[in-house]
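The values are calculated or read from the model by the stated rules, or taken from the named source; none is laboratory data. Everything quoted here is computed from the prediction, not taken from an experiment. Counting neighbours? That spans all protein chains shown, and the Cβs are built from the backbone with ideal geometry, glycine included. Note: accessible area is taken over every heavy atom of the protein model, side chains too, but ligands, DNA and RNA are not part of it. Shrake-Rupley method; radii C 1.70, N 1.55, O 1.52, S 1.80 Å.
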Amino acid sequence: MSDINLNSLPILLVDDEVQILHGFSVMLKSAGIKNIITMDDSRKVLPFLSQNKAALVILDLSMPYISGKDILVKMNNDFPEIPVIIVTAT
């Protein structure tokens with residue numbers, strides 16, 4: 001087991017729609033979760049995770065540049081310890 005306190009790690013929200021990111025942020029903050037990072041550009045996710053830890057990633061599947069599906073595959077290989085919740089409006 002790791003020495004990392006998961007309560008101190010951020011939740012990473014990834015969606016290309018800013019209003020979706022805002023809505024999720026408001027919902028999480030109202031539930032008492034304050035450490036939230038939002039990303040509206042899928043190209044930033046993997047570099048971020050290479051340099052930072054996250055407690056959880058909430059990931060949209062349909063995004064420009066790098067799809068959420070491609071990010072998920074890479075995360076499963078490189079960051080299998082990070083749980084992922086998939087969201088999509090298909």
Does Ile71 satisfy the condition of being at pLDDT 95 or above, among the hydrophobic types (A, V, I, L, M, F, W, C), surrounded by fewer than 12 Cβ atoms within 10 Å (Cβ to Cβ) and outside any loop (DSSP other than H, G, I, E, B)? no
Return yes or no: is Ile11 among the β-branched types (Val, Ile, Thr), in contact with a Lys or Arg (Cβ under 9 Å, 6 or more places away or on another chain) and at pLDDT 95 or above? no
Name the one entry in Asn77, Asn35 that is surrounded by 11 or more Cβ atoms within 10 Å (Cβ to Cβ) and not hydrophobic (A, V, I, L, M, F, W, C). Asn35
Among (1) assigned to a helix (DSSP H, G or I); (2) touching a strand residue (DSSP E or B) at 6+ places or on another chain (Cβ under 8 Å), where does Leu46 come up short? (2)
Give region 51-61 a look and list any residue that's open to solvent by 50 Å² or more (accessible area, probe 1.4 Å) and touching a residue at least 40 places away in the same chain (Cβ under 8 Å), or say none. Asn52, Lys53
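For (1) touching a residue at least 40 places away in the same chain (Cβ under 8 Å); (2) more than 10 Å from the chain's Cα centre (by Cα), each residue gets a yes or a no:
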site: Ile11; (1), (2): yes, no
site: Ile37; (1), (2): no, no
site: Val45; (1), (2): no, no
site: Leu49; (1), (2): no, no
site: Ile66; (1), (2): no, yes
